[in-house]
Structure formats: structure tokens, C-alpha cells
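Right, one structure below, let's go through it.
The values are calculated or read from the model by the stated rules, or taken from the named source; none is laboratory data. The structure displayed is predicted, hence computed values, not measured ones. Here Cβ is always computed from backbone atoms with ideal geometry, including for glycine, and neighbour counts include all displayed protein chains.
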Amino acid sequence: MTESDQRTTHFGFQTVAEGDKAGMVHGVFTRVASRYDVMNDLMSGGIHRAWKTAMMDWLAPRPGQRLLDVAGGTGDIAFRFLGRAPGASATVLDMTEQMLIEGRKRAEAENLADRLDWIVGDAMALPFEDESFDVYTISFGIRNVTRIADALSEACRVLRPGGRLMVLEFSQLPNPALQSAYDRYSFNVIPLMGQLVANDRASYQYLVESIRRFPDQESFAAMIRAAGFEQVRYRNLTMGVAALHSGWKI
């Protein structure tokens, strides 16, 4: 038995062996890949698009930059980045090949294939040399990583000095009454949507539970600082339903 098999972590509200979580997450996203973008629109009422626009506005992509988008799935963030940065390139890394396959189809349709690389890989052990990228993004993916601190350390390692980390993730509402109302929506409506649209209630039950297990804004900002980033800031989106976190490798 390996050390990771002996340690435990959470998979939604379940306690599982640390060594099992990646495979379980992989199974979730393999099952939902073909309906992932549609379900994002339905679950958020389309507001995830405004959140991603806010992400790009704060990130302010520059021509010629090299982006690494981790847990990049179908490439939504990478496409937006390239649309704002002439001459830039992007690498999309995800542990789920089926998600990348869906992204490649979009890239070909939008004539962006020559500016994009698609890599199957692990956020906790990136297959890249030190100081390889100008920008690291991860959107709605960090909460699915088995050891978040390891992923953040890897982000710092592969960024060049002056490079920037930006994380978009579901977060916690500071108002208890609003958080309670949001929880009722999340736990009652989203799994039902998953059942009706994607024929997969269990995967969307996990996604809702994983949101509730993710650290609040201040706790996650502290984790980013501990990984070696400076000038760490965050901005709440839609009253804290989601949050953008920014940090710099100085």
C-alpha cells in the first residue's frame, strides 16, 4: 500500500483514499464531457460567460504571451485569451482526454488549432520545464485537484519571473442567508439538471458537493501566498458565488 493510499481526502462529501480521487474525478469529467459546455450555461444561467469576461479583463492578455491553462477542458479560457492577444500561444492541460477532444473540435472550427497545444497531464506534476510560461490560469478546476497546495507550487514553478497566476473558482457567499438560498438551489436543482440533460445525476451531485468543500476566499488566498506568489488579491463575482484570485511570481 502506497502512502497516498493510506492518506485520505474528500470526493464531494465522501472521504476517500487520496490515491483514488484522481481516477474518480477523471470518471466524472469523462462522463460529462460531451454536455459540459451546455450544462455550464444551464447551471449558471449563462453568467459563467460574464465571469470569464471579467477574468480576461483583469488578466489583460498581451501579444506574444505564452499561456498554460490547467484543467482547461474544452478550451474556453484559452480561446478567450488568444482572442485578446495577437501572436500569443496557449497550452491546454487536462487529466481527461475526452474533454480535450471536445476542445480540439472547437479549435478547428474557430481556426485556432495552430496556436493551441492539448496535453493530457496532472496539475500536481506538470510535464513542463521551470519558467516556461507567462500566464497560468485554472478555471473551475482547482477544487478537483487532490492536493491543491501541490498544484499551486507547480504553477509557481512553471511561471517565469513576472508571470501571473489567475484562478476562477466557485466560492462562498459572505451573507449566510444568501449562502443558504444558493445551497438550496445547488443541491436541489443542479443534480436534477444533470439527470435530465446529461443523464448523470451523480456527477453533478459531486460537483455541487465539491463547491461546498472548497476553502473560502481568504483561506484560498493564504494558500496562494504559501505557494510563493506575491501581490495576491481576489475579487468576488455575483456576491461571492464565484471569485477571481490573482497572484504574481516576483
**Request:** Filter the stretch 209-249 down to the residues that are modelled with pLDDT under 95 and in contact with a Gly (Cβ under 8 Å, 6 or more places away or on another chain), then identify the one that is surrounded by the most Cβ atoms within 10 Å (Cβ to Cβ).
**Result:** Ser210
**Message:** Just the residues that are basic (Lys, Arg) and free of Cβ contacts under 8 Å to residues at least 24 places away in the same chain, please, taken from the stretch 200-246.
**Reply:** Arg201, Arg225, Arg233
**Request:** From Gly23, Gly45, grab the single residue that is surrounded by fewer than 18 Cβ atoms within 10 Å (Cβ to Cβ) and under 16 Å from Ile190 (Cα atoms).
**Result:** Gly45
**Message:** Take the residues in the stretch 40-90 that are under 20 Å from Ala198 (Cβ atoms) and of a type in the set (Val, Ile, Thr); name whichever of them is nearest to the chain's Cα centre (by Cα).
**Reply:** Thr74
**Request:** Please state which one of Arg80, Arg35 is part of a helix (DSSP H, G or I), buried (at least 16 other Cβ atoms within 10 Å of the Cβ) and at pLDDT 90 or above.
**Result:** Arg80
**Prompt:** What is the one condition in (1) in contact with a strand residue (DSSP E or B) (Cβ under 9 Å, 6 or more places away or on another chain); (2) at pLDDT below 95 that Val167 does not satisfy?
**Reply:** (2)
**Message:** Can you tell me which residue is surrounded by the most Cβ atoms within 10 Å (Cβ to Cβ) among those in the stretch 186-208 that are of a type outside the set (S, T, N, Q) and over 21 Å from Gln14 (Cα atoms)?
**Reply:** Ala198
**Item:** Scan of the stretch 203-250 for residues that are under 19 Å from Val16 (Cβ atoms) and hydrophobic (A, V, I, L, M, F, W, C), ordered by number
**Value:** Leu207, Val208, Ile211, Phe214
**Request:** Within the stretch 113-138, track down each residue that is in contact with a Leu (Cβ under 6 Å, 6 or more places away or on another chain) and of a type in the set (A, V, I, L, M, F, W, C).
**Result:** Trp118, Ile119, Phe133, Val135
**Asked** If we scan the stretch 57-73, do we find a residue that is hydrophobic (A, V, I, L, M, F, W, C), in a helix (DSSP H, G or I), over 22 Å from Ile101 (Cβ atoms) and touching a strand residue (DSSP E or B) at 6+ places or on another chain (Cβ under 9 Å)?
**Response** yes
